[in-house]
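Shown next, in structure tokens, is the structure this report addresses.
The values are calculated or read from the model by the stated rules, or taken from the named source; none is laboratory data. Please read these numbers as outputs of a predicted model, since none were measured by experiment. Every residue, glycine as well, gets a Cβ built from its backbone with ideal geometry; the counts of neighbours run over all protein chains shown. Remember, those area values only see protein heavy atoms, side chains included, never the ligands or the DNA or RNA. Shrake-Rupley method; radii C 1.70, N 1.55, O 1.52, S 1.80 Å.
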Amino acid sequence: MSHSAEPRPMTSRRCGPLKGEALVPGDKSISHRALILGAMAVGETRITGLLEGQDVLDTARAMAAFGAQVTQHGPGDWSVHGVGVGGFRSPEGVIDCGNSGTGVRLIMGAMATTPITATFTGDASLSRRPMARVTDPLAQFGARITTREGGRLPITIEGAQDPVPVAYRTPVASAQIKSAVLLAGLNAPGDTVVIESEPTRDHSERMLTGFGAEIHTETTSDGHRITLTGRPELRPQPVAVPRDPSSAAFPVAAALIVPGSEIRVPGVSRNPTRDGLYVTLLEMGADIAFENTREEGGEPVADLVVRHSLLKGVSVPAARAASMIDEFPILSVIASFAEGTTVMNGVSELRVKESDRIDAMTKGLRANGVEVEDTPDSMTVHGMARVPGGGQAVTHLDHRIAMSFLVLGMATENPVGIDDAGPITTSFPDFVPLMTRLGAELA
Ligand code: S3P
């Protein structure tokens, strides 16, 4: 569903110490994949801890449109009765993926090797984002694809009648491209291969293994090579979705920059392909303890204890970018309060997220008195002891930009305003009440 409500401006004021427990929502990436793989297995997949953000609800509705039976039993507790690999039917209406790049790219992959037709659309943000990175490899499987000018949405896909397996080297480090190709490979005979130069989040590979697909990964001189054998019978299985490290990043950041804070963030995924922010924060001198490390739903998780910290600027290497790609906006906020300069390298992909995140953060931080420089693929933030604030940030339908500036305002001298808090519901519907319970002042 497109985000079409009236903009909801919000202001964040400097607050006292944040205290308490932050139960952040389920992982967005894993939630999308659980619904999609559940729809491609025969029988019932039960999902607990599902993120009920708008992005994921849009994917749930899409899976129902393709023929799966998707039922909510209680908060976060869902079941999907799948139709099997190759079992999707042509949806009656247009598939509106709202704000979600992950939703639309993975679903296009999942249907592209089944002989059905579907048309995909999305909101103003999604309609600006590049889709050729996914439609190019899907055409190689034999799908026929019509796009708007520039390879953008709306897109109509006629799934391949006789799909052929594909070997594809991803042109940019992207788990969405990798996952779209692997999901398409499920209904192609033989081996589908994806080669990526930097490893990206591996939730698809982990979950495909759990559902009984034959998939293996090797690191060769060529890069990171994932091979999937097509036409498996996917076995439904229970999926316990861990809490989202990308959502956890917001209360964690707030606790680090608001003096006197100490919070606990239980059950957060510590998957190494998602861990870059936490590695970076430890390098900056953050006081974060990882307690009770364990495995849940096939993913490593830990309880985080975070205390206010005096941080130092660091240089984040380009090779780490993929493992923290969604966390650079909030890192740039944290870096504003660090001693010295923080440089984020190799981050050009930020320019094609829900917004151009380098541009949105650079302009919004400058409006709040922070010295920032950007290049096409880097961002540099000069930290300061007291960040003035007092500015307004434009969020461009981007949930992470909205949450980042609300966190900024919790520790600035003057309040920070954002033009629209509405998009926060895409990934973190309880953000405002949760942060308010910890002590934030948002209105
Ligand atoms: C995601 C992959 C990343 C990330 C997005 C979720 C996924 O995108 O930014 O929020 O679930 O696969 P890219 O793969 O395009 O980098």
If you go through region 154-174 one residue at a time, do you hit one that is touching a residue at least 12 places away in the same chain (Cβ under 8 Å), within 19 Å of THR102 (Cβ to Cβ) and among the basic types (Lys, Arg)?
no
Within region 223-234, the residues that are in contact with a Ser or Thr (Cβ under 9 Å, 6 or more places away or on another chain) and either open to solvent by 50 Å² or more (accessible area, probe 1.4 Å) or not in a loop (DSSP other than H, G, I, E, B) (or both) are GLY223, HIS224, ARG225, ILE226, THR227, LEU228, THR229
Taking only region 176-225 into account, find how many residues are without any contact (Cβ under 8 Å) to a residue 40 or more places away in the chain, more than 19 Å from THR114 (Cβ to Cβ) and of a type in the set (A, V, I, L, M, F, W, C).
4
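Here's the yes/no breakdown for (1) closer than 27 Å to GLY422 by Cα; (2) touching a residue at least 60 places away in the same chain (Cβ under 8 Å); (3) within 20 Å of the chain's Cα centre (by Cα):
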residue: ALA335; (1), (2), (3): yes, no, no
residue: GLU354; (1), (2), (3): yes, yes, yes
residue: ILE358; (1), (2), (3): yes, no, yes
residue: MET361; (1), (2), (3): yes, no, yes
residue: ARG366; (1), (2), (3): yes, no, no
residue: THR375; (1), (2), (3): no, no, no
residue: VAL394; (1), (2), (3): yes, no, no
Tell me which of these GLY210 doesn't satisfy, since it passes every other one: (1) open to solvent by 10 Å² or more (accessible area, probe 1.4 Å); (2) of a type outside the set (S, T, N, Q); (3) within 20 Å of the chain's Cα centre (by Cα).
(3)
Report those strands (runs of 3 or more DSSP E) wholly inside region 115-196 carrying at least 3 residues which are open to solvent by less than 10 Å² (accessible area, probe 1.4 Å).
152-158, 191-196
Would you mind listing the strands (runs of 3 or more DSSP E) fully within region 322-428 where at least 3 residues are at pLDDT 95 or above and surrounded by fewer than 24 Cβ atoms within 10 Å (Cβ to Cβ)?
341-345, 371-375, 378-382
Hey, any hits in region 51-65 for a residue that's outside any helix (DSSP H, G or I), of a type in the set (Gly, Ala, Ser) and either free of Cβ contacts under 8 Å to residues at least 12 places away in the same chain or more than 16 Å from the ligand (Cβ to nearest atom) (or both)?
no
Could you tell me which residue of region 12-38 is farthest from ALA64 (Cα to Cα), considering only residues that are in a loop (DSSP other than H, G, I, E, B) and within 16 Å of the ligand (Cβ to nearest atom)?
VAL24
Could you tell me whether ILE177 is within 16 Å of the ligand (Cβ to nearest atom) and touching an Asp or Glu at 6+ places or on another chain (Cβ under 7 Å)?
no
GLY101 vs. criteria within 16 Å of the ligand (Cβ to nearest atom), under 29 Å from ALA5 (Cα atoms) and in contact (Cβ under 8 Å) with a residue 12 or more places away in the chain:
yes
Identify, please: which residue in region 220-246 is modelled with pLDDT under 95 and more than 16 Å from the ligand (Cβ to nearest atom) and is, among those, farthest from HIS32 (Cα to Cα)?
SER221
How about region 235-250: which of its residues are part of a loop (DSSP other than H, G, I, E, B), farther than 27 Å from PRO189 by Cβ and not β-branched (Val, Ile, Thr)?
PRO238, PRO242, ASP244
